[in-house]
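I have placed the structure first, in the form of structure tokens, so that the comments after it can refer back to it.
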Amino acid sequence: MELELFRQDLIQTTTCSSGTLAVLPLTEEKKTQKVAAGDLSGVVQCFSVKKGEFTVAFKTLPAATSKVTSLVLGKGKQQKDKIFVAAGNQIRGLNKKGKEFFRFNTQLTETIRRVDVFEKNIWSAGEYVHNHFIEGKDKALYLSPDRINDAEVVPLFSPMELWPVLACQDRYVRVLRGSEVTYEAPTPSAPVSLKYVLASHDPQHRFPNAKEVLYGTDTGTLVQLLLEPESARQGFTLGNPRKQGAVSAIYSGIDFTKTGMNNIVIGREDGAVEVLDMEDGGRLRTVYSIKLTESINTLDGGFLTGLLAQEFVMHTFSGKVISFAPPGGGLLVGNSELAKSKASKGGSTVPVPGAEEEERRASYLKQIDRLRGDISVLKQEIEAERSRFVMRGGDTALLTISAPFTVQDKCKLEPDEACYVLTIESAVPIFTVAIQCNAALQMLDVPTNVAILSRSPPDEVNGNLTLATYRCQDSTNRLAVKFKVREGKSASLSAFVIPAISPKAAVVLRHTIRPLCLHQRITVMDTSRPTNELLITGSFATGDAHAWVTGLLPDIPPTLPPGQDGASFVFQNTLLGTQLLCRYRAGEARFVSDLVSTLGIIHEHIMREATAAKLRVSVSFNPSAQSLQHSVALVWPQLAKQRTLKKTFLMLEALQELKMQDGDVSYLSDEYRSVLERADKIRQEYKEQPQHLDHLIALIKDLYLDFCKLSGVSTPKQRLPALEQLLNDTSSTLEQLMEFLLGQR
């Protein structure tokens, strides 16, 4: 069954954070439900739609210093229509008429990113700290070992005792009781969104007492967790084969398909929205999908524009509040009156075929007239402000500085392709994005981009090894920059975002590329692999060792929890599949890896940092020839593939010239004719990876040099040209390469 849903654009706020929209419950009068929304200008507004007309119940004044970062409804019996707003470190309570009845200054140093309220209990989650307050007094505090991406409170023990559940960046969902972790459930990748579902998606009722929590990951996977007071079970998992964005919002409160089980609605960072239905076998399938041009920050639902059908509503990054209603719902002119009149006459409420389309068309026209009126008023206000600005002798430069222009960005490693994607999203259309980096980046094409990429020659004198410009052709608020980079040295990436507004202004976004940037966190290391070990000892503190690891690897928390003497992390190289174990404490840092080059980069970085800090350290290295063979064997299939591709590409040029001269090339061998038939595919593959062969050759050369350096073996430089020739020779074998690396040739 495929759903048919109609989109309705309701209102527009300014840019917003995640979790800043909530639908108030139905009142006794059974009118449409009100919607409360907050934004980054500090405004909280509550509106409803009655008979196709928008009515604003209240709208607070803007406060630039009080950006709304969380907006929820109370969970107590008398609080379900009360709005609680977090801004900075302050929590406010508003009734449905906008009157403030509660204000609590938490005195926290972190900005509150998620708040929950139940009776006299308040739970707040910042970036690393989760707090529990009772009647304004501290009850419990938990310091997370990594960033808290989302949080919920779940009645695991009883309806009156709610336990916090945290989605943490280090790939764990943690269940708290007070200040202690009751248990933690590992996740396939970092969970970024979390939702407690009241009506469980367990068609076989295997775990009737378990509470269902759905979480979405930064790789786009949706996972079900069935929580109990002592343990968690993983339910279904919905993969992301189409490589869509991270799951940023989840909602499950409406049964669109009428199967007796609520559908699951998920919103993604790239603007994709999906409605999922669970089949009898417990498998999820998509019954509706749509792609917007901006990230989805919040999802909720209810009777928003009429009482004939429920609909779900979303809040996007730029502040759009959009609803999707099934047939029979949405902004239909007089739909409630139509239903009442038919019910009073004992007739059916089923609309006449074609009548709903006419009714919906009339509603759209009415909405367009309202929007035109709003635009006219805004134009008058702009002209008035422009005249006032000119009369006061305003400076255009000051106007540029004060222009509202919000940008959010994320630079994320794509493990499957061993590359990075820098996603830039702007509140206004993007005109140009300029990329500057002091490392050589291999810029890759992104099919969804509506921008032209222009590369400039490297400026090595000033350290600008990568200069590129993306010029947008169509109006777009979102741009993805995809690139590959070699490991080895730290680099700084800057993106200059210029919007398509006047006067021109620019926002500079900066990201650090760490020396081991292609490594991602995993939970367990494979101990069956042959490994090398690098041990560093000396008079350094745990904080020094943690700073070294933080500067080397991505996705490491900036500080360790107080009282923790040491830490242990496991990483995997996304390009080669090798692994790295980092275990350190005061006076000792141990690094174990099956790739010698990884340890060489670590050794070089720590020696440089320790020398700068004037710390005396000792280094010992335990090499393994089996590990060298293991690492080269991992690289060899990719090297052989790229060598063959380059040879075929060069051969193709000659064959194409031969075909142009002779016309009929039936006399060629099957191999050569196959190359001509695959000409387009060969060119495309070579175009996508023009530097990949050079990168793999350089990687094996570095592996050889690092192994010799750390083993104390002097390597004559005259052997490097011979090694490079051996790597480029398509007739060479893995056995010949290993003989060369081990000094047997």
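The values are calculated or read from the model by the stated rules, or taken from the named source; none is laboratory data. Bear in mind that the values here come from a model prediction, so they are computed numbers and not experimental data. A quick note on method: Cβ atoms are made from the backbone with ideal geometry, for glycine too, and the neighbour counts reach across all protein chains shown.
Values for this structure:
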item: Candidate set: the range 620-640, residues that are in contact (Cβ under 8 Å) with a residue 24 or more places away in the chain and surrounded by fewer than 15 Cβ atoms within 10 Å (Cβ to Cβ); chosen: the one farthest from Phe707 (Cα to Cα); result: Ala633
item: Subset of the range 37-64 (residues that are among the hydroxyl-bearing types (Ser, Thr, Tyr), farther than 25 Å from Gly330 by Cβ and more than 26 Å from the chain's Cα centre (by Cα)); result: Thr60
item: Of all residues in the range 90-126 being part of a loop (DSSP other than H, G, I, E, B) and polar (S, T, N, Q), the one that is nearest to Cys16 (Cα to Cα); result: Thr111
item: Any hit, the range 567-575, residues being under 26 Å from Val635 (Cβ atoms), over 25 Å from the mean Cα position of the chain (by Cα) and of a type in the set (A, V, I, L, M, F, W, C); result: no
item: Some residue of the range 467-474 being in contact (Cβ under 8 Å) with a residue 40 or more places away in the chain, of a type in the set (Val, Ile, Thr) and part of a strand (DSSP E or B); result: no
item: Hits in the range 159-175 - residues which are within 25 Å of the chain's Cα centre (by Cα) and not basic (Lys, Arg); result: Pro164, Val165, Leu166, Ala167, Cys168, Gln169, Asp170, Tyr172, Val173, Val175
item: Residues being closer than 22 Å to Ser70 by Cα, touching a residue at least 60 places away in the same chain (Cβ under 8 Å) and touching a Pro at 6+ places or on another chain (Cβ under 7 Å) - total across the range 151-183; result: 2
item: Candidates Leu176, Leu214, Leu194, filtered to the one that is in contact with an Asp or Glu (Cβ under 7 Å, 6 or more places away or on another chain), among the aliphatic types (A, V, I, L, M) and closer than 18 Å to Asn149 by Cβ; result: Leu194
item: Strands (runs of 3 or more DSSP E) within the range 226-309 that include 1 or more residues of a type in the set (A, V, I, L, M), in contact (Cβ under 8 Å) with a residue 60 or more places away in the chain and not assigned by TED's automatic domain parsing to the domain that holds Ala167; result: none
item: Residue satisfying all of: in the range 43-89; outside any strand (DSSP E or B) and basic (Lys, Arg); surrounded by the most Cβ atoms within 10 Å (Cβ to Cβ) among these; result: Lys67
item: Condition check for Ile536: buried (at least 19 other Cβ atoms within 10 Å of the Cβ), in contact with a helix residue (DSSP H, G or I) (Cβ under 7 Å, 6 or more places away or on another chain), part of a loop (DSSP other than H, G, I, E, B) and on the phi < 0 side of the Ramachandran plot; result: no
item: Qualifying residue in the range 693-703 (condition: in contact (Cβ under 8 Å) with a residue 12 or more places away in the chain, assigned to a loop (DSSP other than H, G, I, E, B) and under 27 Å from Gln579 (Cα atoms)); result: no
item: Number of the exception - Ser158 against (1) exposed (fewer than 15 other Cβ atoms within 10 Å of the Cβ); (2) at pLDDT 95 or above; (3) small (Gly, Ala, Ser); result: (2)
item: Given (1) in a loop (DSSP other than H, G, I, E, B); (2) farther than 20 Å from Phe133 by Cα; (3) modelled with pLDDT of 90 or more, number of the condition Leu3 does not satisfy; result: (3)
item: Filter result for Phe571 (touching a Cys at 6+ places or on another chain (Cβ under 9 Å) and either assigned to a helix (DSSP H, G or I) or hydrophobic (A, V, I, L, M, F, W, C) (or both)); result: yes
item: Complete set of residues in the range 504-513 that are surrounded by 12 or more Cβ atoms within 10 Å (Cβ to Cβ) and either in a loop (DSSP other than H, G, I, E, B) or not hydrophobic (A, V, I, L, M, F, W, C) (or both); result: Lys504, Ala505, Ala506, His511, Thr512
item: Residue list for the range 426-466, restricted to those being within 26 Å of Arg521 (Cα to Cα) and not in a loop (DSSP other than H, G, I, E, B); result: Cys437, Gln442, Met443, Leu444
item: Those residues of the range 447-474 which are farther than 28 Å from Glu609 by Cα and out of contact with any Ser or Thr (no Cβ under 9 Å at 6 or more places or on another chain), in sequence order; result: Pro447, Thr448, Pro457, Gln473, Asp474
item: Flag for Lys345 being over 30 Å from Lys291 (Cα atoms) and at pLDDT 80 or above; result: no
item: Yes/no for Glu269 being more than 30 Å from Thr27 (Cβ to Cβ), more than 26 Å from the chain's Cα centre (by Cα) and not β-branched (Val, Ile, Thr); result: no
item: Check on Ser502, at pLDDT 90 or above and either on the phi < 0 side of the Ramachandran plot or touching a Ser or Thr at 6+ places or on another chain (Cβ under 6 Å) (or both); result: no
item: Residue match in the range 710-720 (condition: under 25 Å from Leu576 (Cα atoms), surrounded by 11 or more Cβ atoms within 10 Å (Cβ to Cβ) and either in contact with a His (Cβ under 9 Å, 6 or more places away or on another chain) or in the same structural domain as Glu604 (by TED's automatic domain parsing) (or both)); result: yes
item: Unique match (being modelled with pLDDT of 85 or more and of a type in the set (A, V, I, L, M)) among Ala362, Ala339, Ala403, Ala325; result: Ala325
item: The range 449-476: number of residues that are touching a Pro at 6+ places or on another chain (Cβ under 6 Å) and not aliphatic (A, V, I, L, M); result: 1
item: Which numbered condition Ser193 fails, given (1) farther than 19 Å from Ser18 by Cβ; (2) part of a strand (DSSP E or B); (3) touching a residue at least 60 places away in the same chain (Cβ under 8 Å); result: (1)
item: The one condition in (1) among the acidic types (Asp, Glu); (2) assigned to a loop (DSSP other than H, G, I, E, B); (3) closer than 28 Å to Asn209 by Cα that Glu152 fails to fulfil; result: (2)
item: Candidates Arg529, Arg590, filtered to the one that is in a strand (DSSP E or B) and charged (D, E, K, R); result: Arg590
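Let's see how each residue does on (1) more than 19 Å from the chain's Cα centre (by Cα); (2) surrounded by 15 or more Cβ atoms within 10 Å (Cβ to Cβ):
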site	(1), (2)
Ala468	yes, yes
Leu479	no, yes
Lys482	no, yes
Gly488	yes, yes
Ser502	yes, no
Pro515	yes, yes
Leu518	no, yes
Arg521	no, yes
